[in-house]
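Presented below is the structure to which this report refers.
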Amino acid sequence: MTQHHAARLRCEYLENPIGIDELHPRFSWWMIDLSPAAKQTAYRIRVATSIGTLSTDKPDLWDSGKVESSDQVGIVYAGKPLTSRTQAVWDVTIWDANGNPSDPSQPARFEMGLLEKSDWTAQWIETPIEGTGVAAPPVPILRRTFSINKPIQSARLYTTALGVYDAHINGQRVSDDYFRPGWTDYHKRIQYQTYDVAKQVAVGENTIATLLGDGWYVGRVAFNERGVLYGTRPALCQQLEITHTDGSITQIVTDETWRYLESPIRSSDMLDGESYDARMELSDWNAAGFSGESHPVLIAKAPDAPLVAQMNESVRIVKELTPVNDPKPATGTWNSNATIFDFGQNFSGIVRLQVKGPRGATIRLRYAEMLKENGGLYTENLRAARVTDHYTLKGDPNGETWQPRFTFHGFRYVELSFSNHWKDQKLAQPMQPFDKQSVCGLVLMSDTRVTGEFECSHPLLNQLQSNIQWGQRGNFLEVPTDCPQRDERLGWTGDAQVFASTAAYNMDVAGFFTKWMRDCDDAEQPDGRVPRVVPEAGIGPDDAGPGWSDARVICPWTMYQAYADHRMLERHYEPMKRWIDWQARSLNEAGIRCSENCGYFTGYSDWLALDSTWQSVWSATPKDFIGTAYFAHSAGIMADIAKVLGRAADAKLFANYRQKAVEGFNREFVTASGRLSVQTQAAYLFALGFDLLPENLRQPAFDRLLKLFEERHWHLSTGFLGTPMICPVLTRFGRADIAYKILLQEDYPGWLFPVKNGATTMWERWNSWTPDKGFGDAGMNSFNHYAYGAIGRWMYDNIAGIAIDPAQPGYSHIRLTPTPGGGLTHARAAIDTVRGRVEASWKIENAQFNYTVTLPPNTTATLFLPDGKSHQLQAGKHAYECVVRDS
Ligand code: BGC
């Protein structure tokens, strides 16, 4: 391999995806080249149907030819039309700064899924098993056996469900994925998965057997009872295609020949938990040789919604956690047999149980994020979610292992309790005492790769960074949820919007947001409005108001910044425009959004701000103020988006919208001397952060903002929308010192207060728990709510100083802005960007600031050093020094 070459090939953000339905997939790679100022000057992509053809240098699908370009992200396939099941291999040759070509990269693959409705010959099947409005029924197994008598070349399982499925072939799960086909608005779009099952099928007798849970389709979602949102019975659709060495194909599809039986999963619900009776286990239920009783399935009505390929990371177990404490008998609980384990970390997922005990004993597992003073679980904040699992032992003398399949919980503590009685009979032997090996925490999330590292000399900030990342782990599960524990777990648009840029530093969320943006399309109202939660889940389809519905525009723009995802802007341009147009129509004559009596929902204000008056949950910053400010902001973004897409007339239109809102804002809320009619921190942050004030009023307004912070002894009083703007605005106006001061406050309210009080994730409120008052209002008291984690972006951007240049997205040009302060003596961050790894660190010794940065090939940067000097940098490693005043 030449010294320079392309590596880490990705197709649609995925490594060797199979079963995609994008007709024009995009290719990306990293350039590997250690020479200084490394740069790609040209590329050539070759795509063929086989390795053999690729190596003949006559690729039969596409040859881009040599393209003089530094592009390495999102290159659109422009070869022969791709059809269902096409298997493709591709490679990339790149030319370096001196015009020398590399060897072709290691080949990568992609494969098309089923593109036509007619490709699906499988029918939808179901069983008569149905729960009630409140009780979840046993989970059925749907199975069939079949024999294969010709050698097998390859095999694919195309599979989906209304509900959640767990497919097995010949005794093995077909993948490590959980909760497939994933959560979408099943009325609008249903995802399917494609699995390579060549290793599982074999010549001879075969069995395919699939557990079919209720999941989001039938089970409880937020405040809805079971069966209300989508349907009352789960259904399954699977198509197994086995290609033989002679080229012939055997299809095994769901149809009336399948049989069903009840599984040991006696009930399962995302919010309520799962119950399993191991005594009902049947050997070989998922393999040949099964002789138990089964019944014919029913043919279900095929859903109207289209089947689309899942093209982002599935939910998987991303970490395993062992308890940090030795088990101790729990106090503060009804059952003297209870034991509480502490995983030392709040997270989303399930527990793997490993126990030994008498047949028929039932272990109850309850979960909580916090313990009460008496040592018992704090479950009040779960509201109506029951969050309880049950496992009934079969009595295996060698011990038994179990984990739930179709539920997840948000927790740090698990309580195990059991009864030594079964139907009033004392069980023969007692339960073997629980020990640390009895439980293992399995962390579940959409398996988005960690891309960001941040670390500095302040231990509490490091814990804050950990809490932010864990908050993301806990809530990026299918959709960006507000929280993972109570009866909510919804894709709240406002929360997602404020956190999206931090999320894109921490992890590769490009595919995750690509999917969620499609969810946003599905949720769009006929007039263009965007609801509060996406997927819309019975909370109300109307517009969610400022800062929430604006996610429609802000999230794609954020992804474009982080990943140079042009297509995300293109694909969602029309719905974004419809939403912006609707807003523009809704401004009153004075240019004010959410004006009084405007007749629609005017939003959540600066949600949970500490300046709200006792009469109201709404912040002291009025909704029309926030609405107008946010509209100006979103319209401005939309104008930028239109420019990027070359739509000059639209760009002008959106700029006019912005102008109207800015004028309205100034007329209504700003005095001639730069005072705002609203004296809150948030008000000034919006006015300054969204550039709403004329030049001459900015400094006076900023001075006033400082006063407001000073009045609160340099503490914040902002909520979900205002808080993320504090440090960026202070820094922009030259007061990073104050940003540090507020960030580093260890008392209430502020980011480090929960950290000081033992938080391992972000809390919904600064005072979700306080030493003097205990727990906050249980009605809304999540300990895993990422919104305030939006500070993460500032930590990367400014403390470590790796910032995106909005004019050259996807880290093509990087703004390096290391900003010492707060007494920190060093900081370091690394980000795996779409172009490669950027790593920057600094330390201060004897007032000497030492800085190093490594830029990946094909990028440039401008470095702004604390001494005021700036430098233009090329790819490679650089070191600088300067003198700093005491930080
Ligand atoms: C959610 C929030 C959400 C809010 C809307 C809450 O119940 O948990 O995070 O944004 O409602 O105000």
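Using the structure shown, decide if Ala590 is assigned to a loop (DSSP other than H, G, I, E, B), among the aliphatic types (A, V, I, L, M) and more than 30 Å from Asp447 (Cα to Cα). So Ala590 passes the test. Within segment 565-583, identify whether any single residue is within 16 Å of the ligand (Cβ to nearest atom) and of a type in the set (S, T, N, Q), and answer yes or no. Checking segment 565-583: not a single residue is within 16 Å of the ligand (Cβ to nearest atom) and of a type in the set (S, T, N, Q). For segment 565-591, filtering for residues that are hydroxyl-bearing (Ser, Thr, Tyr) and open to solvent by 10 Å² or more (accessible area, probe 1.4 Å) leaves 1. Looking across segment 176-216, the residues that are closer than 25 Å to Pro137 by Cβ and among the hydroxyl-bearing types (Ser, Thr, Tyr) come down to Tyr178, Thr184, Tyr186, Tyr192, Thr207, Thr210. Number of residues in segment 490-517 that are more than 9 Å from the ligand (Cβ to nearest atom), without any contact (Cβ under 8 Å) to a residue 60 or more places away in the chain and either of a type in the set (Val, Ile, Thr) or not in a helix (DSSP H, G or I) (or both): the value is 2.
Going through (1) of a type in the set (A, V, I, L, M, F, W, C); (2) without any contact (Cβ under 8 Å) to a residue 24 or more places away in the chain; (3) in a loop (DSSP other than H, G, I, E, B); (4) closer than 24 Å to Ser586 by Cα one by one, Val617 falls short only on (4). Scan segment 532-543 and tell me whether some residue there is open to solvent by 20 Å² or more (accessible area, probe 1.4 Å), in contact (Cβ under 8 Å) with a residue 40 or more places away in the chain, in contact with an Asp or Glu (Cβ under 7 Å, 6 or more places away or on another chain) and within 15 Å of the ligand (Cβ to nearest atom). Yes, because at least one residue in segment 532-543 is open to solvent by 20 Å² or more (accessible area, probe 1.4 Å), in contact (Cβ under 8 Å) with a residue 40 or more places away in the chain, in contact with an Asp or Glu (Cβ under 7 Å, 6 or more places away or on another chain) and within 15 Å of the ligand (Cβ to nearest atom). Of all the listed residues (Val197, Val164), the sole one being in contact (Cβ under 8 Å) with a residue 24 or more places away in the chain, open to solvent by less than 20 Å² (accessible area, probe 1.4 Å) and over 23 Å from Ser84 (Cα atoms) is Val164. Looking across Ile554, Ile637, one residue alone is within 16 Å of the ligand (Cβ to nearest atom) and open to solvent by 10 Å² or more (accessible area, probe 1.4 Å). It is Ile554. So is Tyr276 over 34 Å from the mean Cα position of the chain (by Cα), within 25 Å of Pro404 (Cβ to Cβ) and assigned to a strand (DSSP E or B) or not? No, not satisfied. Suppose the filter is in contact with a Gly (Cβ under 6 Å, 6 or more places away or on another chain), over 26 Å from Leu569 (Cα atoms), among the acidic types (Asp, Glu) and touching a residue at least 40 places away in the same chain (Cβ under 8 Å); does Glu663 pass it? Yes. Determine which member of the set Gly603, Gly591 is within 16 Å of the ligand (Cβ to nearest atom), in contact with a helix residue (DSSP H, G or I) (Cβ under 7 Å, 6 or more places away or on another chain) and on the phi > 0 side of the Ramachandran plot. Just one listed residue meets the conditions, Gly603. The residues of segment 104-122 that are under 22 Å from His24 (Cβ atoms), assigned to a loop (DSSP other than H, G, I, E, B) and hydrophobic (A, V, I, L, M, F, W, C), listed by number, are Leu114, Leu115. Of all residues in segment 440-475, those satisfying the criterion of being away from the ligand (no atom under 16 Å from the Cβ) and hydrophobic (A, V, I, L, M, F, W, C) are Cys440, Leu442, Val443, Leu444, Met445, Val450, Phe454, Cys456, Leu460, Leu461, Leu464, Trp470.
Can Leu271 be described as touching a strand residue (DSSP E or B) at 6+ places or on another chain (Cβ under 9 Å) and open to solvent by 10 Å² or more (accessible area, probe 1.4 Å)? It is false that Leu271 is touching a strand residue (DSSP E or B) at 6+ places or on another chain (Cβ under 9 Å) and open to solvent by 10 Å² or more (accessible area, probe 1.4 Å). Scanning segment 78-97 for residues that are more than 22 Å from Ala875 (Cα to Cα) and surrounded by fewer than 22 Cβ atoms within 10 Å (Cβ to Cβ) yields a total of 9. Is it the case that segment 476-485 has a residue that's open to solvent by 10 Å² or more (accessible area, probe 1.4 Å) and more than 13 Å from the ligand (Cβ to nearest atom)? Looking through segment 476-485, none of the residues is open to solvent by 10 Å² or more (accessible area, probe 1.4 Å) and more than 13 Å from the ligand (Cβ to nearest atom). Only one of the listed residues (Ala827, Ala803, Ala847) is within 21 Å of Arg735 (Cα to Cα), aliphatic (A, V, I, L, M) and modelled with pLDDT under 95. That residue is Ala847.
Within the set Ile831, Ile799, Ile814, the sole residue that is farther than 22 Å from Ala510 by Cβ and of a type in the set (Val, Ile, Thr) turns out to be Ile799. The strands (runs of 3 or more DSSP E) located wholly in segment 4-61 that include 3 or more residues which are more than 22 Å from Arg835 (Cβ to Cβ) and touching an Asp or Glu at 6+ places or on another chain (Cβ under 7 Å) occupy 18-20. Annotation: Lys707 fulfils all but one of (1) outside any helix (DSSP H, G or I); (2) over 37 Å from the mean Cα position of the chain (by Cα); (3) over 28 Å from Lys660 (Cβ atoms); the unmet one is (1).
Looking only at segment 374-390, which residues are under 26 Å from Asp772 (Cα atoms) and either charged (D, E, K, R) or part of a strand (DSSP E or B) (or both)? Hits for segment 374-390 are Leu377, Tyr378, Glu380, Arg383.
The values are calculated or read from the model by the stated rules, or taken from the named source; none is laboratory data. What you see is a predicted model; the values in this text were computed from it and never measured. As a convention, Cβ positions derive from the backbone with ideal geometry for all residues, glycine included, and neighbour counts pool all protein chains shown. Protein only, heavy atoms only, side chains kept; ligands, DNA and RNA dropped before computing areas. Shrake-Rupley method; radii C 1.70, N 1.55, O 1.52, S 1.80 Å.
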